[in-house]
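Undergrad: One structure is given below, represented as structure tokens, and several questions about it will come after.
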Amino acid sequence: MIGKIIAGVSGWLVAGPLGALLGVFLGHQFDRGFGNLLFPMSEEERHKISEIFFSTLFSLLGHLAKSDGQISQAEIALTENMMTNLGLSAERKQEAKNFFKTGAAKDFSIQLCVKSFVQVSGRHANLKNQLLSYLISLALADGELHSEEESVLRNVAIDLGFSKSNFDDLIRMIGAQAHFGGGGSTIRDEDKLADAYKSLGVASSSPESVIKKAYRKLVSQNHPDKLIGQGVPDDMIKLATERTQKIQMAYDLIRESRKVK
């Protein structure tokens, strides 16, 4: 936001209304990423973000699990299995369990939890997207998104600054991505192709240039080196890598289907 304000005012002073519009555009680009290049993250900041990302994720997972009133044995088993798949050390796994219990407590506040996360990682927009994407992916791990879980996720999305349409798009994309990878599938070919388009957030009628742009954007957002540099915990990178693989499979399916035509 600060980039937009400074550039907009500067543009107005130099070239009037047209200059202001150009300044706001350039300021927006600065806010989106150029600022991170001019002010790279220190190792101290990266560590701080890594820890708040980890604690926020598992606290919110605990709250999600308790959203229907109680945590089932199946949910506990699913969470522990997820921790194992991430390769968490015994110490790290215990930390995750403690945060999970914190999120499941009656006095837990989504607003305060997310506010703390935003205060630490606010200038790195992709971290908000990653946090919400991870939560949605893990909520869908049992193959179903329950109404109580969706309600919690919507509240998290609002507190992170996502619009309703942005949240709905993300739900569709990640839900469709879940149908890729993990071995064989009983989904019909035409349904899987439809899911491939949803996975990239594009329509089946979209031109190749639009599809390629969407694919490249998603791959960039989930690139392991980029995420580590932004402060995503090393423990969490496996989730992003798996998501990238699913995005790649969806893109390959779309390309192959268009060659056939």
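Undergrad: For the condition of a type in the set (D, E, K, R), farther than 21 Å from D142 by Cα and assigned to a helix (DSSP H, G or I), what is the one hit in K246, K217?
TA: K217
Undergrad: Condition (residue is in contact with a helix residue (DSSP H, G or I) (Cβ under 8 Å, 6 or more places away or on another chain), crowded, with 18+ Cβ neighbours inside 10 Å and within 19 Å of G69 (Cβ to Cβ)) applied to region 123-142: is it met by at least one residue?
TA: Yes, that holds for at least one residue.
Undergrad: On to the next question. Of these, F108, F117, which one is in contact (Cβ under 8 Å) with a residue 24 or more places away in the chain, among the aromatic types (F, W, Y) and either within 24 Å of Q230 (Cα to Cα) or not assigned by TED's automatic domain parsing to the domain that holds L57 (or both)?
TA: Selected residue: F117, the only one of F108, F117 that is in contact (Cβ under 8 Å) with a residue 24 or more places away in the chain, among the aromatic types (F, W, Y) and either within 24 Å of Q230 (Cα to Cα) or not assigned by TED's automatic domain parsing to the domain that holds L57 (or both).
Undergrad: Which one is farthest from H47 (Cα to Cα), of the residues in region 120-134 that are in contact (Cβ under 8 Å) with a residue 60 or more places away in the chain and among the small types (G, A, S)?
TA: S133
Undergrad: Of the residues S147, S165, only one is hydroxyl-bearing (S, T, Y), under 21 Å from G103 (Cβ atoms) and more than 13 Å from the chain's Cα centre (by Cα); which?
TA: Residue meeting the stated conditions: S147.
Undergrad: Shifting gears a bit: From the list D234, D225, D252, which one is of a type in the set (D, E), modelled with pLDDT of 90 or more and surrounded by fewer than 18 Cβ atoms within 10 Å (Cβ to Cβ)?
TA: After applying the criteria, what remains is D252.
Undergrad: Next up: Among the listed residues L239, L200, identify the single one that is crowded, with 19+ Cβ neighbours inside 10 Å, modelled with pLDDT of 95 or more and assigned by TED's automatic domain parsing to the domain that holds H47.
TA: Selected residue: L200, the only one of L239, L200 that is crowded, with 19+ Cβ neighbours inside 10 Å, modelled with pLDDT of 95 or more and assigned by TED's automatic domain parsing to the domain that holds H47.
Undergrad: Kindly indicate whether D191 is modelled with pLDDT under 95, within 26 Å of V118 (Cβ to Cβ) and not hydrophobic (A, V, I, L, M, F, W, C).
TA: Against the criterion (modelled with pLDDT under 95, within 26 Å of V118 (Cβ to Cβ) and not hydrophobic (A, V, I, L, M, F, W, C)), D191 does not qualify.
Undergrad: OK, next. From (1) in contact (Cβ under 8 Å) with a residue 24 or more places away in the chain; (2) buried (at least 16 other Cβ atoms within 10 Å of the Cβ), pick out the condition that doesn't hold for N85.
TA: (2)
Undergrad: Specify which of the listed residues (L193, L227, L253) is under 19 Å from N126 (Cβ atoms), outside any loop (DSSP other than H, G, I, E, B) and of a type outside the set (S, T, Y).
TA: Going through L193, L227, L253 in turn, the sole match is L227.
Undergrad: Among the residues of region 203-214, which ones are surrounded by 15 or more Cβ atoms within 10 Å (Cβ to Cβ) and outside any helix (DSSP H, G or I)?
TA: S206
Undergrad: Looking only at region 178-189, decide whether some residue is assigned to a loop (DSSP other than H, G, I, E, B) and among the β-branched types (V, I, T).
TA: Checked region 178-189: at least one residue is assigned to a loop (DSSP other than H, G, I, E, B) and among the β-branched types (V, I, T).
The values are calculated or read from the model by the stated rules, or taken from the named source; none is laboratory data. Remember, predicted model here, so these are calculated numbers, not experimental data. When we count neighbours, we look across all protein chains shown, and the Cβ atoms used for this are built from the backbone with ideal geometry, even at glycine.
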